1. For the condition within 22 Å of B:G352 (Cα to Cα), of a type outside the set (A, V, I, L, M), under 21 Å from the mean Cα position of the chain (by Cα) and more than 11 Å from chain A (Cβ to nearest Cβ), what is the one hit in B:G440, B:G434?
2. For residues in region A:609-632 being modelled with pLDDT of 80 or more and open to solvent by less than 40 Å² (accessible area, probe 1.4 Å), which is nearest to B:I467 (Cα to Cα)?
3. With respect to A:P264, is the statement that it is farther than 20 Å from A:W147 by Cα and surrounded by fewer than 24 Cβ atoms within 10 Å (Cβ to Cβ) true?
4. For region A:280-295, name all the residues that are in a loop (DSSP other than H, G, I, E, B) and open to solvent by less than 40 Å² (accessible area, probe 1.4 Å).
5. With respect to A:F121, determine if the residue is assigned to a helix (DSSP H, G or I) and either within 14 Å of another protein chain (Cβ to nearest Cβ) or surrounded by fewer than 21 Cβ atoms within 10 Å (Cβ to Cβ) (or both).
6. Only residues that are hydrophobic (A, V, I, L, M, F, W, C) and more than 9 Å from chain A (Cβ to nearest Cβ): list them for region B:461-491, please.
7. If I filter region B:445-452 for residues that are within 11 Å of another protein chain (Cβ to nearest Cβ) and of a type in the set (G, A, S), do I get at least one hit?
Amino acid sequence: MASLLLWVLIPPLLGFIILGLLGRTLPRSAILTVAWGTVALSFLFALSAFLSLLGVHPDSQRVSDASVYTWAIAGDLQVHFGLLLDPLSATMLLVITGVGLLIHIYSAGYMADDPGFWRFFSYMNFFIFAMTLLVSADNLLFLLVGWGLVGLASFLLIGFWYQRPAATAAARKALVINVIGDFGLMLAIFLLFKHLNTVDYGYGGPNCIPGTSGYGVLTAASCQQLGSLVSLAIPLLLFVACAAKSAQLPLYMWLPDAMEGPTPVSALIHAATMVTAGVYLVARTHVLFTLSPYALPIVGAIGGLTALFAATIALTQLDIKRVLAYSTISQLGYMFMGESAGSYSAGIFHLTTHAYFKALLFLGAGAVIHALGGEQDMREMGGLRYRMRITFWTFLIAVLAISGIPPFAGFWSKDDILGALLTQATSVGGAVRYLYYGLWGLGVLTAGLTALYMFRLFYGIFMGSYRGAGPLKHGHAGSDEEEEEEEEEVITAAGRRRRGESALYEIYEAPAVMTVPLVILAILSTIGGLVGSFALFNYSRWQPLNTFLEPVLGSAPEGNLPLLWLSTGASLIFALLGLLIAWRRYGQGFVYKESRNPFYRLAYNKYYVDEIGVALLINPLLWLGRQASALLEGGLLDGGSRLVGRAFSLLSAAGRRLQTGYVRNYALAILIGVVLIILYYVVRG
Amino acid sequence: MIFAYDLTWILLLPTLGGVLAMVAPVRLSRWLALAFSAATLALSLWIFLRIAVATGYHFGSVTDPKADPASIDVVQLPWIQFQLGSVTFRIDYYLGVDGLSLPLVILNALLTMLAVIGGWEKPRVKEYMALLLLLEAGVMGVFMALDLLLFFLFWEVELAPMFLLIGIWGSETLKHGMPGRIYSAWKFLLYTFFGSIFMLAGILLVYFQAGQNTASLPVLMQHLLPASTGVTVPLLGVTMGSQLLAFLLVFVAFAVKIPMFPLHTWLPDAHTDAPTEVSVILAGVLLKMGAYGLIRICLGLFPDGLQQFAPLLVVLAVINILYGAAICLVQKDMKRLVAYSSVSHMGVILLGVAAAAMAIHTSNPDVAHFGTAALMGATVQMISHGLITSLLFFCVGVIYDRAHTREIEIFGGVAKRMPLWATLFTFAGLASLGLPGLAGFVAEYMVFTSSYRIWPVPTAIAVFTMILTAAYLLWMLKRVLFGPFNLRWNWLPDASWREAIPLVTLAAFIVLVGVYPGFLLDVIVPALHHLLPVATTALGR
């Protein structure tokens, strides 16, 4: 059954190879056939894998592991490339290939005028391959392979418009921070391997005998005694990787910069799928996170702080994609909070709904950017509801979903997380419970902030009157070098560009190839939450997602009803409050005011984290390199070796003096020698 | 007859090719060089296939007296033999290939052929081709010699062509008052010679201490030097085990070649001043001579010595890795950057060997088994570093041939004009930074995962260096290939077919080793398995 997954992996890989080698020569229709076709095939295979899993009873048997080939055997080091099909990987695969397919379709419209059309789709196919590899690998090593390859895909796609300095700088930053994550993941793998002698996940209940089927890090960890230090180090190192990939504090800096990539990339990689790999990894290896009592609270604390931190930055940003980027960081923090409360399925649930509505938000923003010819600044927008009806309505649905307004998808999943946090706070003892109370408070507060900044964005784009000057003429594709000059030309030719209502009529709704994915995602964002739990209505028999994931993730602690309602009520009140404030301030249209408030400046400048990082980490490292290069390498080692050479040549110069070639000099030397010898014997007696 | 053995022809084909390329007219000499280098490659592949088919992909070990003769290829003929009083002096013409050396022989043949293609349009092309082929013959000898004195002979043979190649075709940039090519050629020669002297002393020490009247490696491996009984070093007055002493002497030569900190400074100079193809051979094969010697001779003959030295070797390995990367961060010349990245990556081999040496010491069978994995990783790193760094040097060479500069800062957005080249250069950079799924990752993973069991902290530092590696390689790629297009480079043509052949070939091998390393590991494992148990029994005494 798991071998079915091989067919999920192969089509996008083939698509990447075909497009990479031949894409330049292929016509557009052929490029799209390959790009869409391979992802569609992948989706169909993922769907059939999912259905075949559903057909297995009882639930605990829903796991299948197939070894594809032996990667390496050396001594006792044995690694196989294997695929694991279980409810978790099936869910992830459906989300990746499903949302991936929609975004591939959308991209045909968004990237239509780009000269790198074929290159774009070949990278996108590569990403789908890498991401499906990441979630379907049956051991940590191939998870790491996928982990590295998605980082590469992200690097290539962020830097897609490679002529833009900002894009290439962002791409490099993203990959370097990803490698920091790889570093953590590798050390975690080494540590696990050292103590357990395997990197396979293992499955099928505790099986403590090495080498037997089903023995792996997840099963062995439960029955092997690891020291308390090791059992804390493993989850923390894993979490370093998660924090880098999922943009958590303090490794989040790359994600806002990653918005330099084309918008469909932001939707697919930096919102819906790749950045959630960290959430997946915590869920997949949750057994390891429970080994130490400190691991999950630390995960929760970082997630909670990130959620709030990013939300405050999102409040002040003017670039619509950056608002969404910070919002993604914040929502990822939410998912980690949910997982830290032991409710892994809540984390995965929020991952799923977030994939729908955040992809929708990005694609909607992309439609706006497309219509405005590349404009991303909110100050140049407004009033677009008249010209972009479909985008307007679908964006509204997404905003309602992310703000947690019932009955949209985000409400259910956010509610699950908050409920789990409050349940955890009331059920655990000791000081940890204050942490969970605090996290719950952070979550509720962030819910309010989320509604506030999302509606600020929504009003800024669609409501009020139009503040811009019509679409920029040069389009959003940044790969032609004449970009800068062209813009000036437009302005000088037309004198001052027209502003306001009349310019609005130059703006058109996106083509159907872009709006159809928007509508489908809007439907998913509306009803996608219904696969969650109805525990709130005291009807716990309906929780299909939780039940499906239970064999892998275990069951979440049951909460009591009044508590859940308290949590729901509080978060709803805060969300509505946020909505209200946004309506009061921005309902009549977004007005940008320079604020001197120091807190505002701090948030607007992203708390200067980038600058601090450069000052504290990068500059000292460069200084070290420069010193080593100048003093040690150039001075001591190289200079030293030249000094030795110099010494020898001086010595030989001195020696050369002796060898004059004149017989009289030699005769003198012989004479002196004879005299000295005679003297020696005379003195000795 | 000596000519009846195919190993003889592995030496003879490039030598003949070199001579013919020299005497033939210019038009012919390139094709002759290509034909003879291709023939050498074909012959080495044929030996590989013959063994693979005959034994069902079971490669043996030349130092294992019980090895299946079909699984290895050996030739042993008496060469020099004379008696001086009580001392019998004997050197054999003793060559052999097994799972450890055959991949390196093939790598050498492959890279030389690619270098011939790469240097097609050099000035004074006849001499260039001739020297490249003679260099190949010398290096082949090093990888195949099983008699220590013969090994030493080939070790020195390789110096002359390399010295001339750098000294004649190198760059004219002034360095310390003389043309860089002269300076760097001398530096290369002197450093290597410095090491060789110690190696000769070490080999003679082994020869006379063992008292077997032969320098045959397999025989000496049966009669290891005593580890505990000491010799006092004359001038220093230090007493140490004779195995450790012999190890240290021989190791100096290998350390220079690898190159190990602080004996590495010849490398960046040699690389920056050598022409492209020579850099490729230098990084791809010549550095591997040191690593090969470390594994074949030091681990085989001086397991205890190596082990006593291992804790220090780890420190040196980590310094190599970290120091090379730190220097890379501030390099301004592409080739110099790649050269220092070599220093960093060769440190991984040292780490692997050190871990393997420690592993055989322990009575813990669990750790002992991962010695093989560490050594395996070190060996794979030889191959993958050979492939990846060669690709990087070829790529740098392509742009240097056009722009006549390698200054990172003055390029920008070149990917626009040279998409094929840019793709391959990016690929090489990613492979070098250890992207999972490519060759470099396999080796590093195997070394690190094994060495972590013995030295967690040094390994963690080494793994941390990955981040620096990513930083400097991506910085270079970003500055050269991406960013705003510098119109000054508008005339640059993309890589030609001739230039693309080496690039694509190497890239294909890098993917193959990365995705399916099994085919390589299965070749190497038996040779290493034999090497480590010998060492273990030696310690058991």
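The values are calculated or read from the model by the stated rules, or taken from the named source; none is laboratory data. The structure displayed is predicted, hence computed values, not measured ones. Note that each Cβ is placed from the backbone with ideal geometry, even for glycine, and that neighbours are counted across all protein chains shown. Surface areas here come from the heavy atoms of the whole protein model, side chains and all, with no ligands, DNA or RNA. Shrake-Rupley method; radii C 1.70, N 1.55, O 1.52, S 1.80 Å.
1. B:G440
2. A:G625
3. no
4. Within region A:280-295, the first condition is being in a loop (DSSP other than H, G, I, E, B), and the residues that meet it are A:285, A:290-294.
Selection gives A:T285, A:S292.
5. So A:F121 does not fit the description; no.
6. Matches in region B:461-491: B:I461, B:A462, B:L473, B:M476, B:V480, B:W489, B:W491.
7. Step one: of region B:445-452, the residues within 11 Å of another protein chain (Cβ to nearest Cβ) are B:445-452.
Among the residues that remain, those that are also of a type in the set (G, A, S) are: B:450-451.
The answer is yes, given that some residue of region B:445-452 is within 11 Å of another protein chain (Cβ to nearest Cβ) and of a type in the set (G, A, S).
Conditions (1) within 30 Å of B:T88 (Cα to Cα); (2) without any contact (Cβ under 8 Å) to a residue 24 or more places away in the chain, marked per residue:
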site: B:G180; (1), (2): no, no
site: B:F193; (1), (2): yes, no
site: B:T239; (1), (2): yes, yes
site: B:T272; (1), (2): no, no
